[in-house]
Amino acid sequence: MNHHCLWINNCVGYYTLKPFVLLLTYVLIACLYAISLTAKNWWKLASRTTPLYPEWENAFTATCTHYGKLYNRFLDHFLLFGVWTIYVPYDV
């Protein structure tokens, strides 16, 4: 059960397992909160009947599509890296 976690630069064992799990829980909650705020703002922006800047509408749509694709690509990589770090056996 004891191992050294590179993310927190500390050993995780019997006495430090609870703070480590709490850290992971708080990070997850913070990420979900940030995603919900971002989604709320994007939803408000997307549901507008009149464009925010009519002359920029096509450029904005193209930019959002481009960054959305980049975000999805990086999200996939980070997710796969996270799964890899969980399942790879690691002994120091």
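Yes or no: region 45-59 includes at least one residue that is charged (D, E, K, R), assigned to a helix (DSSP H, G or I), at pLDDT 75 or above and surrounded by 10 or more Cβ atoms within 10 Å (Cβ to Cβ). No: region 45-59 contains no residue that is charged (D, E, K, R), assigned to a helix (DSSP H, G or I), at pLDDT 75 or above and surrounded by 10 or more Cβ atoms within 10 Å (Cβ to Cβ). Mind checking which residues of region 3-19 are farther than 14 Å from Ile86 by Cα and either assigned to a helix (DSSP H, G or I) or touching a residue at least 12 places away in the same chain (Cβ under 8 Å) (or both)? Within region 3-19, Ile8, Gly13, Tyr14, Leu17, Lys18, Pro19 meet the criteria.
The values are calculated or read from the model by the stated rules, or taken from the named source; none is laboratory data. In this text, all values refer to a predicted model and were calculated from it rather than measured experimentally. Every residue, glycine as well, gets a Cβ built from its backbone with ideal geometry; the counts of neighbours run over all protein chains shown.
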